[in-house]
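Asker: The structure's right below; bear with me while I get my questions together.
The values are calculated or read from the model by the stated rules, or taken from the named source; none is laboratory data. Since the model is a prediction, treat every value here as computed from it, not as a measurement. Cβ placement follows ideal geometry from the backbone for every residue including glycine, while neighbour counts extend to all protein chains displayed. Please note that ligands, DNA and RNA were not included when accessible areas were found on the heavy atoms of the full protein model with its side chains. Shrake-Rupley method; radii C 1.70, N 1.55, O 1.52, S 1.80 Å.
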Amino acid sequence: MVPKPLKLGIIGDPLEHSLSPILHSFLMEQVGILGEYKCYPTKPDKLDKTLEEIKNAGLTGLNVTIPYKISILDWLDNTTEEVKLIRAVNTIAIGDKQLLGHNTDITGFLNSLPDEIKSTLPHRPALVLGAGGAARAIMAALIKCHVPVVTLAVRNPEKAAETINLGRKLIRLYNVPTGLGVTDLASLKNMNNYHIVINTTPIGMPSNKQSENKESKKESPVSLSQLKTLPEEAYVYDAVYGPDNTTLTHHCEELKIPAQDGLSMLIHQGAAALELWSGQVISEEIISAAHEHLRNHIRSVACS
Ligand code: NAP
């Protein structure tokens, strides 16, 4: 029997610069999955209407991106146990008009790390910039890997309180010795206690409204002088991605601090979502090819 083409999509705002349609079209073609992947740009007051439209259109799967990874929970019929713990969703499986929330950002982040960084996580106190949906998934990944300390650097410590509470529950559940803390991003001067720094704020994201002029593309969540305070063994991870370097990874290159952007995480979380929707396994070779394909795509867009 010929399998039914998959109807897939992504919901978020803004979506103009989303690479997910290009990623999923590439992965589907490589794996031999028939189907389509559409963008559903949605303002908060239209979330209800768009989700109804998506259910009626017979979609099998939906990705969720900024700013809905947390607020979408109110519209879901059920979630995985992992999502119940972290209260953040990036992938929805749809069946019989029922929405089931998953989170593939956790494995997406872990699978995107170089082996030598992943294996040393139990010795790396971590600084996570931001406390939204991506921060929750990354915090969960870090706790699972027994990172000794996770500190969230945020602009609004009150809003970080829920993320910290979720982190405490995870620590109890996994019975790990991770410590948790919150600090003010604006007054962060010295980073010498952190051996891994992960940006999960949208600062530096090409579609960030403030980034639409040339000057603001130089935005970075932490400055060169802050980065200079990092210890020798530090590793920097920017969940944001760009044509070559983000401003943050560019600063790191200047200072010879090993760093990576979020392209590999995007591909790994997307591949995990497609595996879930299609039941097909996506090989490491296809993931590497997707990396090259997307990097070339971003570079060609940046040049045009
Ligand atoms: P989110 O839930 O809206 O969270 C964003 C977080 O960043 C919040 O804590 C927010 O603080 C903070 N923030 C926003 N603007 C800020 C600013 N100018 N200064 C300081 N803090 C700021 O978004 P998300 O879903 O976590 O996504 C965040 C970023 O990660 C996006 O750029 C997204 O593309 C990227 N991401 C990448 C991947 C990947 O696969 N590479 C996966 C997930 C996310 P408030 O609470 O105060 O607003």
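Asker: I'm trying to understand the selection: among the residues of the range 8-38, which are without any contact (Cβ under 8 Å) to a residue 40 or more places away in the chain and either part of a strand (DSSP E or B) or surrounded by 20 or more Cβ atoms within 10 Å (Cβ to Cβ) (or both)?
Answerer: GLY35, GLU36, TYR37, LYS38
Asker: Continuing with the same structure: Would you confirm whether or not the range 116-123 contains a residue that is open to solvent by 10 Å² or more (accessible area, probe 1.4 Å), part of a helix (DSSP H, G or I) and among the charged types (D, E, K, R)?
Answerer: Yes, there is a match, as at least one residue in the range 116-123 is open to solvent by 10 Å² or more (accessible area, probe 1.4 Å), part of a helix (DSSP H, G or I) and among the charged types (D, E, K, R).
Asker: Within the range 39-46, is even one residue surrounded by fewer than 15 Cβ atoms within 10 Å (Cβ to Cβ) and more than 16 Å from the ligand (Cβ to nearest atom)?
Answerer: Yes.
Asker: State all residues of the range 225-250 that are more than 18 Å from PRO125 (Cα to Cα), open to solvent by less than 30 Å² (accessible area, probe 1.4 Å) and assigned to a helix (DSSP H, G or I); if no residue qualifies, say none.
Answerer: Scanning the range 225-250 gives THR247, LEU248, THR249.
Asker: Given the criterion surrounded by fewer than 19 Cβ atoms within 10 Å (Cβ to Cβ), within 16 Å of the ligand (Cβ to nearest atom) and in contact (Cβ under 8 Å) with a residue 24 or more places away in the chain, identify the matching residue among ILE70, ILE106, ILE138, ILE92.
Answerer: Of ILE70, ILE106, ILE138, ILE92, the one residue that is surrounded by fewer than 19 Cβ atoms within 10 Å (Cβ to Cβ), within 16 Å of the ligand (Cβ to nearest atom) and in contact (Cβ under 8 Å) with a residue 24 or more places away in the chain is ILE70.
Asker: For the range 259-304, give me each residue that is in a strand (DSSP E or B) and free of Cβ contacts under 8 Å to residues at least 40 places away in the same chain.
Answerer: Of everything in the range 259-304, just one residue is in a strand (DSSP E or B) and free of Cβ contacts under 8 Å to residues at least 40 places away in the same chain, namely ALA259.
Asker: Say whether the condition of being open to solvent by less than 70 Å² (accessible area, probe 1.4 Å), of a type in the set (Asp, Glu) and out of contact with any Gly (no Cβ under 8 Å at 6 or more places or on another chain) is met by at least one residue in the range 172-190.
Answerer: Among the residues of the range 172-190, at least one is open to solvent by less than 70 Å² (accessible area, probe 1.4 Å), of a type in the set (Asp, Glu) and out of contact with any Gly (no Cβ under 8 Å at 6 or more places or on another chain), which makes the answer yes.
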